[in-house]
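What follows is a set of notes on a single structure, which appears directly below.
Quick note: the coordinates plus some simple rules give every number you see, no bench work behind them. Worth saying up front: this structure is predicted, and the values here are computed from it rather than measured. Heads up, the Cβs are rebuilt from the backbone with ideal geometry, glycines too, and the neighbour counts pull from every protein chain shown.
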Amino acid sequence: MSESAKLSFKGQDYEFPVITGTENESAIDIAKLRASSGLITLDPGYKNTGATKSAITFLDGEEGILRYRGYRIEDLAEKSTFLEVSYLLIYGELPTQAQYEDFSKEITHHTLVHEDIKKILEGFPSNAHPMGVLSSMICALTAFYPASLNPNRSEEEVNLSIIRLIAKMPTFAAWAYKNEMGHPVNYPDNSLDYCSNFLKMMFALPAEKYDVDPVVSAALDKLLILHADHEQNCSTSTVRIVGSSQASIYASISAGINALWGPLHGGANQSVIEMLEAIKADGGDAKKYLDKAKDKNDPFRLMGFGHRVYKNFDPRAKIIKKAADDVLEKLGVNDPVLEIAKELEHAALNDQYFIDRQLYPNVDFYSGIIYRALGIPTDMFTVMFALGRLPGWIAQWKEMRENGEPIGRPRQVYTGANERDYVSMNKR
Ligand code: SDX
């Protein structure tokens, strides 16, 4: 029996259907709200508003559950690989051995980028933030593949764009780093797996032999899996709304990279390390900074803590925290900020302010500590987040396109001046 919700306004009753998803989440379908009542809803930050129906990722913020296409994040992080998870998110099912080999081979043979892209890269000063370089180079793909601008492209052409994005993003990410270091870029090595190839492009130097540490490559693969999708977060919603205008997938992903950059979103992993470093430089007094985070007159926030949806532990944070211990031990790295992070976490989890607001560590709280142990510089952390989130953005863009969703165009409540006549400047 289908459910419904009633609204009473100015003595008139209105009834709207309620839809229920496969995990028993319910939503009022207000598609006819304005036409029937003249009313719209107002929900800054869309905290209570569903933008779409999606079959890609399910998360339960109260229970700390995260699943990609029904598979638990804990199982995928432990047993799968980033490319297999990318296939799952984008095409909806885990690949057979043959499908995986085809997918992997396709990606390997698209890792190279047009030499003219280097002219764009060389236009950036070495102090350019790698996220700005990355989003620019991804958007530049529209110039090298103009067919991508046709919104009504064939499925084969769309799929080729998807393969190109997954294949070339590591190359662009590594090149953004090399630009910052003033080093010559490295070309992809197709004899290596996805993460090993990225690490070699990042860290190999002309004068030295570079061997990828399997511990580092495995840790990176797990981190990319943990970041691969997260339903309708800020950057994914950006990708969907840009794609809803029938802009190319490259333009949509470039927009997503820019939305992720902000310190309240993917940029938090960089801000966490900067915060921990500042606490360490200031004597390592975790309680002092906890008090700053609680002080409404202090703009300081405990970066890596809190989440719009998770009101329990972010399951990814739990996995990353354990991986941080494992990786640092295997690599023999002793990072003092890890101890400060653990002290801060313990203090916050036992502090009434954080308990009352259900503020727990999120995915960004520990990820920077691992990236640092892998030798990745702080301002590349959000680039790593983008590398991981790419298959999720692609899957969401593809779902929006396949479902024929309309162009996104929210309403507003106008609070400005009422009608008034123009007065010429000499009479004001
Ligand atoms: C990501 O959406 C996703 O899924 C994102 C993500 C993904 O995978 O895509 O999970 C990745 O973006 C993780 C979040 C990374 N950001 C940070 O770590 C930045 C620090 N955290 C916040 O600024 C904040 O918690 C947000 C932005 C993450 C969530 O903010 P909300 O949901 O808008 O909550 P809010 O700002 O309204 O906070 C509610 C209360 C407020 O206090 P009161 O006004 O009720 O007194 O909690 C307080 C806030 O001041 N609060 C914090 C805090 N986060 C919230 N106080 C201190 N430190 C914090 N970190």
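Once you keep just the Cα pairs under 8 angstrom separated by 6 or more residues, what percentage relative contact order results for the chain? Could the numbers behind the result be given before it?
Details: 578 pairs, mean separation 82.2, N = 428.
Answer for the chain is 19 percent.
Counted by Cβ distance under 11 Å from Met275, the other residues give a net charge of -1, where Lys and Arg count +1 and Asp and Glu count -1. Remark: relative contact order (the range 268-374) = 44 percent; criterion is Cα-Cα distance under 8 angstrom and separation of 6 or more residues.
Longest stretch of the chain clear of exposed loop sites (GluC sites (Glu not before Pro), DSSP loop, at most 15 other Cβ atoms within 10 Å, sites excluded): 209-418. A cut-off of 5 Å between modelled amide H atoms, ignoring neighbours fewer than 5 places along the same chain, links Arg72 with no other residue. Phi angles across the range 195-210 convert, under the Karplus curve 6.51 cos²θ - 1.76 cosθ + 1.60 with θ = phi - 60°, into 3J(HN,Hα) values of 6, 5, 4, 4, 4, 5, 5, 6, 10, 5, 10, x, 7, 10, 7, 10 Hz, Gly and Pro given as x. Taking packing as the residue-averaged number of other Cβ atoms within 10 angstrom, the listed peptides 390-396, 40-46 run from highest to lowest as 390-396, 40-46. As a calculated quantity, the FRET efficiency between Arg301 and Ala347 at R0 = 22 Å, using C-beta atoms, amounts to about 0.90. Per-residue Karplus couplings for the range 69-77, computed as 6.51 cos²θ - 1.76 cosθ + 1.60 with θ equal to phi - 60°, are listed in order as 6, x, 8, 5, 4, 5, 5, 5, 5 Hz, Gly and Pro entered as x. Derived scalar couplings between HN and Hα for the range 286-297 equal 4, 5, 4, 7, 5, 5, 4, 5, 8, 7, 5, 8 Hz in order, rounded to whole Hz, by the Karplus curve 6.51 cos²θ - 1.76 cosθ + 1.60 (θ = phi - 60°), x for Gly and Pro. Extending 7 Å from Cα along the Cβ direction at Asp102 and again at Arg411 yields two label points whose distance is 4.6 nm. Run a plain Debye calculation on the chain (Cα atoms as equal point scatterers, no solvent) and give log10 I(q)/I(0) at q = 0.08 Å⁻¹, rounded to two decimals, same order as the q list. Values, matching the q order: -0.50.
Put a dot 7 Å past the Cα of Asn334, heading toward its Cβ, do the same for Val423, and the two dots end up 7.3 nm apart.
Which FRET efficiency value, to the nearest 0.05, is calculated for Gln358 and Ser36 with the Förster distance at 35 angstrom and r the Cβ-Cβ distance?
Working: r = 36 Å, r/R0 = 1.03.
The value I calculate is 0.45.
Applying the criteria of a DSSP loop state and at most 16 other Cβ atoms within 10 Å to the trypsin sites (Lys or Arg not before Pro) of the range 48-120 yields Lys53.
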